[in-house]
Amino acid sequence: MSYFINVILPIPLEKSFTYAITKAEAEFLKPGIRVSVPFGKTKIYTALVIEVHNNPPQVYDAKDIHQILDEKPIVTQTQLRHWIWISKYYMCTLGEVMRAALPSAFILESETIISKNDEVTINDEDLRDDEFIIYEALHHQSSLKIQDLMSILDKKNVLPVIKRLLEKNVISVQEEIYEKYKPKLVRYVKLSTAFSSEKTLQNLLDDLSRAAKQRDVVMALFSISAQTKKPVKVSDLSSESGASSSIIKVLIDKGILEEYHIQTDRVQYDGADNEDSKHLNKFQIKALDEIIESFENQNITLLHGVTSSGKTEIYVKLIEAQLKEKKQVLYLLPEIALTTQLVERLQNYFGEQVAVFHSKYSSHERVEVWNNVLQNSPKAQVILGARSSVLLPFQNLGLIIVDEEHESSYKQFDPAPRYHARDTAIMLASIFRSKTVLGSATPSLESYYNAKQGKYGLVELNHRYNNVLMPDIELVDIKDKHKRKRMQGHFSDRLIEEMNETLKNNNQIILFQNRRGFSPIVECNTCGHSPQCPNCDVSLTFHQYKNQLRCHYCGYNTVMPKACDACGSVELDSKGFGTEQVEQEAKLLFPDHHVARMDLDTTRGKYGYEKIITALEQQEIDILVGTQMLTKGLDFRNVKLVGIMNADNMLNFPDFRAHERSYQLMTQVSGRAGRTEERGKVLIQTYNPYHKILQQVSTNNYLQMFDEQLDERHIYKYPPIFRMIKITLKHKDYNRVNLGADWYARSLRTVFDKHVLGPEFPPVARIRNQYLKHILVKIPQKQSLSKTKEAIIKINNSFLSVKDFRAIRVILNVDNY
Ligand code: ADP
Ligand code: ZN
Ligand code: ZN
């Protein structure tokens with residue numbers, strides 16, 4: 001009998017792949033174990049076993065696997081079920097899901113990596129010239145990729161050399177690469193056992209009497225050991241004794257101290273004492289009871305609680321209950337809301353049981369969290385994470401909390417899987433037969449609609465904690481202000497007045513400037529020309545602090561020209577205004593106060609965002625100017641005034657969700673004002689103060705917003721009334737995209753008729769030299785989603801079989817946001 005495995009490869013190919021294995025391997029292998037396999041002529045991939053069986057493939061001879069990479073499955077059966085759902089629902093391959101789920105250290109990249117075989121000694125004379133060059137190169141670098149060999153030898157076909165080197169046993173091609181992940185080791189020291197008796201110890205101290213510093217180290221070691229039974233870290237010894245690490249090294253070299261390493265987790269909790277969770281107020285208690293009650297006949301409950309109503313404290317109670325049952329909890333947050341503020345808050349309650357999974361963490365840190373979750377370790381009972389943490393290997397998941405569930409960043413835009421973490425979480429919970437809480441002050445129309453339809457439970461919490469009033473929101477008509485010359489730059493007299501008042505009372509201010517469409521562009525006053533990106537159909541954005549023009553789509557940048565490219569005029573003007581302009585103006589208006597800015601530019605790097613938040617918390621900043629980043633669940637005690645610089649651009653954005661989004665954004669950013677004791681103040685500057693969304697924001701009337709928006713979605717056939725699948729075609733040739741899109745849309749119309757929109761070029765029709773064209777398929781509630789997808793896949797396959805269209809990239813986006 002022969003033995004085979006089916007595996008997932010981390011590539012976007014539809015079919016699964018079969019490899020041959022031995023009987024012994026068949027006995028060992030299980031779904032969820034990684035193997036390395038050859039692919040094509042030179043490639044090696046990390047593949048994940050999904051099935052062990054005895055059926056040889058029909059059309060090709062199965063190759064042998066190279067090697068087994070795990071002792072035990074690193075992916076669970078539950079995960080595989082979840083992945084299959086994701087790939088079906090979001091119309092992508094299992095390989096793409098696997099790539100999104102596994103930390104990159106788990107996946108071997110496609111290029112073969114070559115390393116020196118240290119077990120054999122090589123006689124230089126046995127090697128040909130080209131072989132020797134590689135051999136020598138491997139003395140300087142532990143591993144080389146095929147790519148590297150090509151450039152070292154300066155030729156394309158390097159396979160013969162590799163083959164010869166392999167035959168001579170000089171190199172090996174795969175083993176080393178799996179050791180990408182190395183646990184972080186901490187150095188510890190102890191006194192050598194040679195000095196365990198009192199006598200030898202006395203001798204030692206006598207010996208060291210002339211080496212005072214070394215003696216201090218030994219004494220320090222005693223004093224630390226007297227206080228704690230725990231192992232002594234080199235770093236602690238060094239700070240306790242004041243000795244440098246070189247002195248400690250001398251002692252180690254002399255054999256007086258012994259050095260050893262212990263593996264520690266990278267993501268560490270600093271060990272503050274556990275705090276009891278807070279007593280809920282009566283509104284919170286009621287909401288908590290209602291959630292628990294709704295769980296009796298609902299799997300999903302929406303908690304609609306105004307900003308600062310204390311939703312987090314309610315989650316804490318729900319988590320406590322799960323931990324008592326020994327169940328894991330997943331707490332999902334939008335990436336940017338995943339701040340130290342919240343991590344610390346939860347660690348105060350749950351200590352070491354909290355694990356954090358964040359995209360800014362290194363791959364190594366993620367492997368550690370992965371393993372802890374997989375092993376159901378006490379260190380991974382509450383998993384706090386952004387979007388991709390929904391793909392972790394949970395063992396015993398009791399509850400999922402999706403906080404700020406309305407956030408559009410929960411949807412992955414690119415690459416596939418284009419999944420929505422909220423919906424994917426709901427599916428995960430259902431696989432575990434556990435519950436999901438969705439929380440928001442401004443729920444998405446989707447979720448609120450589902451709750452109204454009775455699909456989800458609904459719990460409302462309308463009181464702010466501590467009975468702080470909702471902020472007082474004032475609309476400022478800047479058309480009128482301009483007319484009456486009451487504007488200084490982008491600041492109305494009302495805003496300046498309130499800012500002065502706030503600063504006088506030593507309170508802080510947040511100024512919000514929408515990111516979209518406000519990028520300042522440069523325009524020639526003489527001929528009207530504005531510099532364009534050479535790769536994309538957009539104007540370049542002016543970045544004052546670097547004196548640069550940049551493209552926000554492809555990253556192209558160039559220095560700000562001194563004169564117009566088109567006519568040579570030197571009168572170049574920057575139009576529009578971004579956070580940078582607001583910051584500049586604020587500095588001029590309030591020269592005695594500290595103004596800072598928080599946007600993509602100022603928050604790069606792992607701790608960029610945290611630094612600004614901490615500075616605001618520490619009141620080092622008086623006025624913070626920022627984009628959407630400011631809106632995310634932050635809790636600042638001293639912020640009393642929020643200014644929204646211009647509401648109109650948000651409202652006028654060409655997207656069917658623009659009004660819903662504007663409501664959410666403005667309500668969330670307003671919620672940062674006056675979270676304790678005193679009532680906060682919000683000023684919204686607008687050209688159109690009678691806009692219904694602004695009226696709804698200022699009266700905090702979510703329900704009215706919901707009803708009106710839902711009516712529009714009915715009329716114009718948009719979600720949540722209709723579902724949508726967006727199909728994007730992409731190619732560098734304009735005509736080809738046009739022809740292809742017409743063909744595609746025509747085929748879709750034969751099936752879906754009037755529910756096909758487009759093809760249409762998006763507002764930015766060329767990005768990175770690729771033309772884009774969209775087609776939208778709208779799906780009425782009665783129409784089967786899976787049948788719809790089947791029909792699309794069929795059309796897609798015939799499309800890709802047309803010779804002229806094969807090169808066009810087609811992107812399918814289900815429930816596109
Ligand atoms: P939300 O998540 O609804 O915006 P939070 O949970 O952040 O609200 O609560 C707002 C503030 O009120 C926080 O500073 C929080 O510590 C405090 N708070 C909420 N509930 C309680 C409680 N029951 N006891 C004491 N403080 C509370
Ligand atoms: Zn010009
Ligand atoms: Zn560009």
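The values are calculated or read from the model by the stated rules, or taken from the named source; none is laboratory data. Keep in mind the model is a prediction, meaning the values are calculated, not measured. With ideal geometry, Cβ positions are generated from the backbone for all residues, glycine too; neighbour counts draw on all protein chains shown. Heavy atoms of the whole protein, side chains included, go into the accessibility calculation; ligands, DNA and RNA do not. Shrake-Rupley method; radii C 1.70, N 1.55, O 1.52, S 1.80 Å.
Legend: P(r) of the range 517-603 from all alpha carbon pair distances, 10 Å bins from 0, whole percents, reading 17, 45, 28, 9, 0. For q values of 0.11, 0.15, 0.19, 0.27 Å⁻¹, compute log₁₀ I(q)/I(0) with the Debye formula on a Cα-only model of the range 587-666, without solvent. Cα-only, vacuum Debye calculation for the range 587-666: -0.35, -0.64, -0.95, -1.35. Sites count as exposed loop sites when they are GluC sites (Glu not before Pro), lie in a DSSP loop, and have at most 16 other Cβ atoms within 10 angstrom; the longest stretch of the chain without one is 326-570. Of the chymotrypsin sites (Phe, Trp or Tyr not before Pro) found in the range 16-120, those that fall in a DSSP loop while having at most 16 other beta-carbon atoms within 10 Å are Y60. Accessible surface computed residue by residue for the range 352-486, with neighbouring protein chains in place and a 1.4 Å probe, gives 36 Å² per residue. Per-residue ellipticity at 222 nm for the chain, helices alone: DSSP H runs ≥ 4 residues times -39500 (n - 2.57), over residue total, nearest 500 deg cm²/dmol? Rounded to the nearest 500, it is -10500 deg cm²/dmol. Solvent-accessible area per residue in the range 1-138 equals 50 Å², computed with a 1.4 angstrom probe and all protein chains kept. As an exercise, find the ratio Rg/Rh for the chain from alpha-carbon atoms, using the Kirkwood inverse-distance average for Rh. Ratio of gyration radius to Kirkwood radius: 1.00.
Binning the alpha carbon pair distances of the range 29-178 at 5 angstrom intervals from zero yields the distribution 2, 8, 16, 17, 16, 13, 11, 8, 6, 3, 1, 0, expressed in whole percent.
At R0 = 22 Å, how high is the FRET efficiency between V751 and E14 if r is their beta carbon distance? Nearest 0.05 is fine. It comes to 0.55. Solvent-accessible surface of the range 654-732, taken per residue with a 1.4 Å probe and all protein chains present: 39 Å². Approximating the spin labels as points 7 Å out from Cα along Cα→Cβ, the F413-to-A137 distance works out to 3.9 nm. By the rule of a C-alpha distance below 12 Å, with chain neighbours fewer than 8 residues away ignored, the aspartates and glutamates paired with K485 are D493. Counting heavy atoms of the protein chains alone, H140 has an accessible area of about 150 Å² for a 1.4 Å probe.
Annotation note: trypsin sites (Lys or Arg not before Pro) in the range 754-795 located in DSSP loop regions with a Cβ neighbour count of at most 10 within 10 Å are K782.
Cross-link pairs exceeding 26 Å in C-alpha to C-alpha distance, out of K230/K324; K72/K190; K692/K726; K726/K782; K452/K717, comprise K230/K324; K72/K190; K692/K726. The alpha carbon centroids of the range 449-481 and the range 740-761 are separated by 40 Å. For the range 61-134, the calculated P(r), taken from all Cα-Cα distances in 10 Å bins from zero up to the bin holding the longest distance, is 13, 29, 26, 15, 12, 4 percent. The range 296-344: which trypsin sites (Lys or Arg not before Pro) are DSSP loop and have at most 16 other beta-carbon atoms within 10 angstrom? For trypsin sites (Lys or Arg not before Pro) across the range 296-344 that sit outside H, G, I, E and B with at most 16 neighbouring Cβ atoms in 10 Å, the list reads K326.
Which of the lysines could a cross-linker bridge to K732, judged by Cα under 21 Å and excluding same-chain residues fewer than eight apart? Within the straight-line cut-off, K732 pairs with K773, K803.
Summary value for the chain: 10 percent relative contact order, contacts being C-alpha pairs under 8 angstrom separated by 6+ residues. The accessible area of F357, taken with all protein chains in place and a 1.4 Å probe, comes to roughly 10 Å².
Based on Cα atoms of the range 713-759, Rg over Rh with Rh as the Kirkwood radius reads 1.06.
Taking only protein heavy atoms and a 1.4 Å probe, the accessible area of the chain is 48% carbon and sulfur. Site pair D601 and A226 shows an inter-label distance of 5.8 nm when each label is modelled 7 Å from Cα along Cα→Cβ.
Dimensions of the range 454-531 based on its C-alpha atoms, expressed as ranges along the principal axes with the largest first, amount to 59, 44, 24 Å. Ignoring aspartates and glutamates fewer than eight residues from K317 along the same chain, the ones with Cα atoms less than 12 angstrom from its Cα are D276, D289.
Note on E474 and S786: the model spin-label points, each 7 Å out from Cα along the C-beta direction, lie 5.8 nm apart.
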